[in-house]
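The values are calculated or read from the model by the stated rules, or taken from the named source; none is laboratory data. Keep in mind that what you see is a predicted model, and the values were worked out from it rather than measured. All Cβ positions, glycine included, derive from the backbone under ideal geometry; neighbour counts span all protein chains shown. What goes into the accessible areas is simple: the full protein's heavy atoms, side chains included, and nothing from ligands, DNA or RNA. Shrake-Rupley method; radii C 1.70, N 1.55, O 1.52, S 1.80 Å.
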Amino acid sequence: MAVDHTRAPVLEALVEYRRTKQLSFTPPGHKQARGADPAVREILGDAVFLGDVLASGGLDDRLTRGRVLQRAEQLMADAVHAEHTFFTTCGSSLSVKAAMLAVAGPHEKLLIGRDAHKSVVSGLVLAGIEPVWVDPRWDAELAIAHPPTAGDFEAAFQAHPDAKGALITSPTPYGACADLRSVAEVCHRRGLPLIVDEAWGAHLPFHPDLPSWAMDAGADICVTSIHKMGSGLEQGSVFHLQGDLVPPELLKMRSDLLGTTSPSVLIYAGLDGWRRQMALRGRELMGGALDLAAGVRSAVEDISGLHVNDRDDFCGPGRADDFDPLPVIMDVSALGITGYRAADWLREHHGLDAHLVDHRRISAQITHGDGPDTAGELVAALKALVRAAAGLPSGPEVDVPAPADLRMEQALLPRDAFFGPAEHVPITEAAGRVAAEMITPYPPGIPAVAPGERLTEPVLRYLVTGREAGMNLPDAGAARLDTIRVATSAAG
């Protein structure tokens, strides 16, 4: 296929669908907005419904002979230097599971950084894969985890030579990046694949001042959320493949096992349009975002009581290897309040939504969609927060464990613990029992407890004090966290 990045096959097919006035007697039942509730049409606009057509038998013919999606995926692969690209409308939570299932199966081992997203743990539950956890680099002073090193993975492979591959998260939601090239080399010396959960790195291929992205660093499979740092719609995700360690037909088969048979053409269109935008103007747009983020960082650092975590905070011996400056991570601890309190105040008083929130930090994600106006509003709201902070209650203190206390024994396979016999016990009696559920502070969505881990007092205390301080734990079975689901098997 001749590569012409001015083309957008999905968008062009939608234009043709409207031009030819296709008359559909298929789903979706709203029939090009005609049957939609008038109040919904008023709020969403008819454009949403007009773009909501079947992918095959609508956008393309019944046998997809127009190759609309295939052509769009080929253009995406070319734009980011991959050999194969697959679109999904089920978010990177599906993409990373498909990648895992293409590399390891039930009771097979996969090396995984323990700072992985909850979707990775869900993949372990679904597939029955045995995790070999690789500890992240933990900065005890800042209470933040950075991706594991190549040496960490080398040691894990030596201890578990039967592992089928490795999975690492880079960038983290905080913008910390791994030395992916070195990690890939550790895997490839053994003829094994590396999966990179790069959900936060959709923008990385498009500017030389950003960290290297997974395909350029030699990874075999890379999962990217276009809706996070790109300009796709929510749930728009792609996974890229290169090399011969994972057959593309196998990866597609695993994806088909999990994905929907009714994909959203609206999300496909967002993916296709974003690729065209970045292929034609990516360096310009990312350069503008980097300049804007630098200005925001400088302005916030000048606000008394706030500190912006920068490269010096995150990179160096024992810390991350590289740094993405677009997630502006701000430490509010000097104000005497938690990140939870700060985020709630900004939303209530300034209509401003911070993204990542933890016991001492909030983040403001800067993308190419921001400009001087939104940056100015952010800085003004932060100045107001500082003025108001003295009058805000500090809130309960979160008891963050020492690094050595964060890691718990994996006593059962995640799948066995999750689906096996279980009971709810008071959280005051849970230490020493094996968790049968996942408990995840969100965002950023990294489980503090994974199914099959033997619970310890420091981690339980962290979760209880965190919930009291405002931590969001959406997947805990007991909303108040007064009880916890534990295994009743012999190991539990």
Only one of 2, 13, 79 is in contact with a His (Cβ under 7 Å, 6 or more places away or on another chain) and open to solvent by 10 Å² or more (accessible area, probe 1.4 Å); which?
79
In this structure, is residue 269 part of a helix (DSSP H, G or I), open to solvent by 30 Å² or more (accessible area, probe 1.4 Å), at pLDDT 95 or above and not acidic (Asp, Glu)?
no
Residue under evaluation residue 60, criteria (1) in contact (Cβ under 8 Å) with a residue 60 or more places away in the chain; (2) surrounded by 21 or more Cβ atoms within 10 Å (Cβ to Cβ); (3) of a type outside the set (Val, Ile, Thr), criterion not met:
(1)
Looking at 293, 279 in this structure, which one is closer than 19 Å to residue 200 by Cα and open to solvent by less than 30 Å² (accessible area, probe 1.4 Å)?
293
Scanning segment 122-132 residue by residue, those in contact with a helix residue (DSSP H, G or I) (Cβ under 7 Å, 6 or more places away or on another chain) and part of a strand (DSSP E or B) turn out to be 131, 132
Those residues of segment 23-38 which are in contact (Cβ under 8 Å) with a residue 12 or more places away in the chain and surrounded by fewer than 15 Cβ atoms within 10 Å (Cβ to Cβ), in sequence order
24, 26, 27
Restricting attention to segment 223-236, does a residue exist that is more than 23 Å from residue 445 (Cα to Cα), outside any loop (DSSP other than H, G, I, E, B) and of a type outside the set (Val, Ile, Thr)?
no
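For every residue, the table says whether it meets (1) open to solvent by less than 10 Å² (accessible area, probe 1.4 Å); (2) more than 19 Å from residue 364 (Cα to Cα); (3) acidic (Asp, Glu).
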{"site": "174", "(1), (2), (3)": "no, no, no"}
{"site": "195", "(1), (2), (3)": "yes, yes, no"}
{"site": "200", "(1), (2), (3)": "no, no, no"}
{"site": "228", "(1), (2), (3)": "no, no, no"}
{"site": "244", "(1), (2), (3)": "no, yes, yes"}
{"site": "248", "(1), (2), (3)": "no, yes, no"}
Does segment 396-410 contain at least one residue that is without any contact (Cβ under 8 Å) to a residue 40 or more places away in the chain, more than 25 Å from the chain's Cα centre (by Cα) and either within 19 Å of residue 121 (Cβ to Cβ) or open to solvent by 40 Å² or more (accessible area, probe 1.4 Å) (or both)?
yes
Residue, surrounded by the most Cβ atoms within 10 Å (Cβ to Cβ), within segment 386-395, restricted to residues that are under 12 Å from residue 341 (Cβ atoms) and touching a residue at least 40 places away in the same chain (Cβ under 8 Å):
389
Somewhere in segment 422-432, is a residue touching a strand residue (DSSP E or B) at 6+ places or on another chain (Cβ under 7 Å), modelled with pLDDT of 95 or more and under 17 Å from residue 125 (Cβ atoms)?
yes
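Residue by residue, here is whether (1) in contact (Cβ under 8 Å) with a residue 12 or more places away in the chain; (2) open to solvent by 50 Å² or more (accessible area, probe 1.4 Å); (3) within 30 Å of residue 83 (Cα to Cα) holds:
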| position | (1), (2), (3) |
| --- | --- |
| 6 | yes, yes, yes |
| 18 | yes, yes, no |
| 40 | no, yes, no |
| 49 | yes, no, no |
Out of all the residues in segment 330-359, which are open to solvent by 10 Å² or more (accessible area, probe 1.4 Å), assigned to a strand (DSSP E or B) and more than 15 Å from residue 470 (Cα to Cα)?
331
For segment 102-121, how many residues are assigned to a helix (DSSP H, G or I) and either at positive phi or open to solvent by less than 30 Å² (accessible area, probe 1.4 Å) (or both)?
5
Specify which of the listed residues (411, 388, 430) is touching a His at 6+ places or on another chain (Cβ under 8 Å) and more than 28 Å from residue 171 (Cα to Cα).
388
Of all residues in segment 351-370, how many are touching a helix residue (DSSP H, G or I) at 6+ places or on another chain (Cβ under 7 Å), closer than 24 Å to residue 227 by Cα and in contact (Cβ under 8 Å) with a residue 12 or more places away in the chain?
11
Within segment 8-65, which helices (runs of 4 or more DSSP H) (wholly inside it) include 2 or more residues that are more than 23 Å from residue 274 (Cα to Cα) and not aliphatic (A, V, I, L, M)?
38-44
Criterion (without any contact (Cβ under 8 Å) to a residue 24 or more places away in the chain and open to solvent by 10 Å² or more (accessible area, probe 1.4 Å)) met by exactly one of 185, 141, 154
141
Restricting segment 440-466 to residues that are at pLDDT below 95 and open to solvent by 40 Å² or more (accessible area, probe 1.4 Å), the one farthest from the chain's Cα centre (by Cα) turns out to be 442
